[in-house]
1. Could you grab me the full set of residues in region 62-93 that are part of a loop (DSSP other than H, G, I, E, B) and modelled with pLDDT of 85 or more?
2. Tally time: how many residues in region 34-61 are over 15 Å from Gly92 (Cβ atoms) and at pLDDT below 90?
3. Take region 46-61 and flag every residue that is loosely packed, with under 12 Cβ neighbours inside 10 Å and part of a helix (DSSP H, G or I).
Amino acid sequence: MWPDPVARALACFEDAFKQPGRYLNASEVWQPGLEVEYARDDLEEVMRHLPHGARRDLGRLIAHIDDEFERRTLPDPGPVSDWTVSDWTVDGWWWSRIRER
């Protein structure tokens, strides 16, 4: 992981949640590494390496992020198994949400 992955991921969500309206807008151009789903992946990876207390604290913040992300996106009607990035199968629930264009 690169330096400050939590700060970068939180800043990504902060920028995304500043968008006006009910739903998050999707980019016209796919920007690997810059989409909020990648930021959520980074937070999940960091959680695996934190001690219990820090994991609990960050987990509370992530729960708020997840609630807002879920509120501002829609369920993807297609099967989750269709979501792949290269040879890596995406397994976070946040990858099975869609945004408006």
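1. Scanning region 62-93 gives Arg72, Thr73, Gly92.
2. 1
3. Matches in region 46-61: His52, Gly53, Arg56, Asp57, Arg60.
The values are calculated or read from the model by the stated rules, or taken from the named source; none is laboratory data. Bear in mind that the values here come from a model prediction, so they are computed numbers and not experimental data. Methodologically, a virtual Cβ is constructed for each residue, glycine included, from the backbone with ideal geometry; neighbour enumeration extends over all protein chains shown.
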